[in-house]
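S.K.: Dumping the structure here so I can ask a few things about it.
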Amino acid sequence: MPYWAKHHLMYLKRWKEAARAILRAAKDLGLRAEIYVIGGAAEGRLTVLSDVDVLLCVKDPSLENDLRKLRVEVLAKAMDSYGLPWDYPVELHVYAEEECKDILSRLKRYVKVLEEELIYVNSNP
């Protein structure tokens, strides 16, 4: 395997740090939200072409019209305050709480991100 591929895979394996940086950023911005890692990282199938999919579920209905803006603000805060590298291959998906419930119900596995731990959930065996 070429050096760049090994380096990229090692970089991707830091997804827990990236997810926690996003969680802290959301809290700093005063968002009532939950954070989940979905996709390849949650399912243990990262490849050199992967990105890390993070789902931010916003609990405040008054913010539903500003979800795109929140995405930018959370990522900027995570980079500026919590060391999320600007080139980290993360895809932040921001949805209202009800939409998130629907998304999570269709996944085989996801990871709920908490400050002190990660909770792995197998929802559809």
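Just so you know, all these numbers are worked out from the coordinates, no wet-lab data involved. Everything numeric here is computed off the predicted structure, so don't read it as measured data. So basically every Cβ, Gly included, is an ideal-geometry build from the backbone, and we count neighbours across all protein chains shown.
S.K.: Residue 81 is checked against (1) in contact (Cβ under 8 Å) with a residue 12 or more places away in the chain; (2) more than 23 Å from residue 109 (Cα to Cα); (3) out of contact with any helix residue (DSSP H, G or I) (no Cβ under 7 Å at 6 or more places or on another chain) and fails just one. What number does that condition carry?
M.R.: Condition (3) is where residue 81 drops out.
S.K.: Go over the candidates 55, 107, 49, 70 one by one and state the one that is exposed (fewer than 14 other Cβ atoms within 10 Å of the Cβ) and either among the hydroxyl-bearing types (Ser, Thr, Tyr) or over 16 Å from residue 14 (Cβ atoms) (or both).
M.R.: So the residue among 55, 107, 49, 70 that is exposed (fewer than 14 other Cβ atoms within 10 Å of the Cβ) and either among the hydroxyl-bearing types (Ser, Thr, Tyr) or over 16 Å from residue 14 (Cβ atoms) (or both) is 49.
S.K.: Output the residue which, of all residues in the stretch 73-97 that are within 16 Å of the chain's Cα centre (by Cα) and small (Gly, Ala, Ser), is surrounded by the most Cβ atoms within 10 Å (Cβ to Cβ).
M.R.: 78
S.K.: While we're on this one: Take the stretch 7-45 and flag every residue that is touching a strand residue (DSSP E or B) at 6+ places or on another chain (Cβ under 8 Å), assigned to a loop (DSSP other than H, G, I, E, B) and either of a type in the set (D, E, K, R) or over 19 Å from residue 100 (Cβ atoms) (or both).
M.R.: Within the stretch 7-45, just 32 meets the criteria.
S.K.: Quick one: how many residues across the stretch 92-125 are farther than 17 Å from residue 20 by Cβ, of a type in the set (A, V, I, L, M) and out of contact with any helix residue (DSSP H, G or I) (no Cβ under 9 Å at 6 or more places or on another chain)?
M.R.: The number of residues fulfilling the criteria is 2.
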